[in-house]
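Here the structure is laid out as structure tokens; the discussion comes afterwards.
Read-outs: derived from the displayed coordinates by stated rules, not from any lab. Just so you know, these numbers come straight off a predicted model, no measurement behind them. Note: ideal-geometry Cβ built from the backbone for every residue, glycine included; neighbour counts use all protein chains shown.
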Amino acid sequence: MRFEAIIFDFDGVLLDSEYAGNKQIADYLTGVGHPTTPEESMTNFMGLAGADFLAAIERWIGRMLPDDFHVARQAEDDRAMREGLDAIAGAIAFVRSLPADFPRAIASSSPTRWIERHLDHLGIRDAFGDKIFSGRDHVVRGKPAPDLYLHAAAALGVDIGRCVILEDSPVGVTGAVASGAYVIGYCGGRHCGPDHAATLRALGVQEIAGNFDEVARLIA
């Protein structure tokens, strides 16, 4: 391995959740009078969480969100948690292919309970043990700050400069690059359009991977 540890984003890298989630947002905003496509939702909101996420939507629509947005969003989250979502193609096999003693962690903007529940659905929670970190639960400043990646590297006991990070969103890539790690922009999800790789390259990723075979080659 070229690196001493690997840090994964979760949504859009391991879990194929970004398109479904952003389609729900776009459908809701369109329904309340602010026509929005899933692609526009992904461009403007993907990778954000908490107050930053809500503020970005309110800037987009030019007003405060209606109260029932939170009800609709929670209903979609509850459905996903109950029924599960698919893995990104090749993700499970890639995780299982890593040497058992090779340090790895998840660093995600999603809540810990979301990550853990979906790792259970995917059958790979055991591959990460307690190295599951949330920008909402483990640091004060989430993405695009680099803090979550630095926290994950410290927990793994590996210098961030010896880590490789897999990230798919512009917000996540911004923080990953700022952390000092080697960053691979992952463009293998359904949410990644034809310009996605160029967007991530412009933010400073060292490499682009369109699938997990390419990831394996880049880290070997």
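When Glu76, Glu83 are checked against the criterion of being surrounded by 14 or more Cβ atoms within 10 Å (Cβ to Cβ) and acidic (Asp, Glu), a single residue qualifies: Glu76.
Exactly one residue out of Asn44, Asn22 is on the phi < 0 side of the Ramachandran plot and within 14 Å of the chain's Cα centre (by Cα): that is Asn22. The criterion of at least 2 residues that are charged (D, E, K, R) is met, among helices (runs of 4 or more DSSP H) falling completely within region 1-113, by 18-31, 38-45, 50-61, 68-83.
Would you be able to say whether some residue in region 122-134 is within 22 Å of Phe3 (Cβ to Cβ), touching a His at 6+ places or on another chain (Cβ under 8 Å) and not small (Gly, Ala, Ser)? Checking region 122-134: at least one residue is within 22 Å of Phe3 (Cβ to Cβ), touching a His at 6+ places or on another chain (Cβ under 8 Å) and not small (Gly, Ala, Ser). Test Val183 against the stated conditions and say whether it is among the aliphatic types (A, V, I, L, M) and in contact with a helix residue (DSSP H, G or I) (Cβ under 9 Å, 6 or more places away or on another chain). Criteria met by Val183. For region 174-191, the criterion of being touching a residue at least 40 places away in the same chain (Cβ under 8 Å) and more than 16 Å from Phe10 (Cβ to Cβ) is met by at least one residue. How many residues are without any contact (Cβ under 8 Å) to a residue 24 or more places away in the chain and among the aliphatic types (A, V, I, L, M) when one looks only at region 36-88? Counting residues in region 36-88 that are without any contact (Cβ under 8 Å) to a residue 24 or more places away in the chain and among the aliphatic types (A, V, I, L, M) gives 8.
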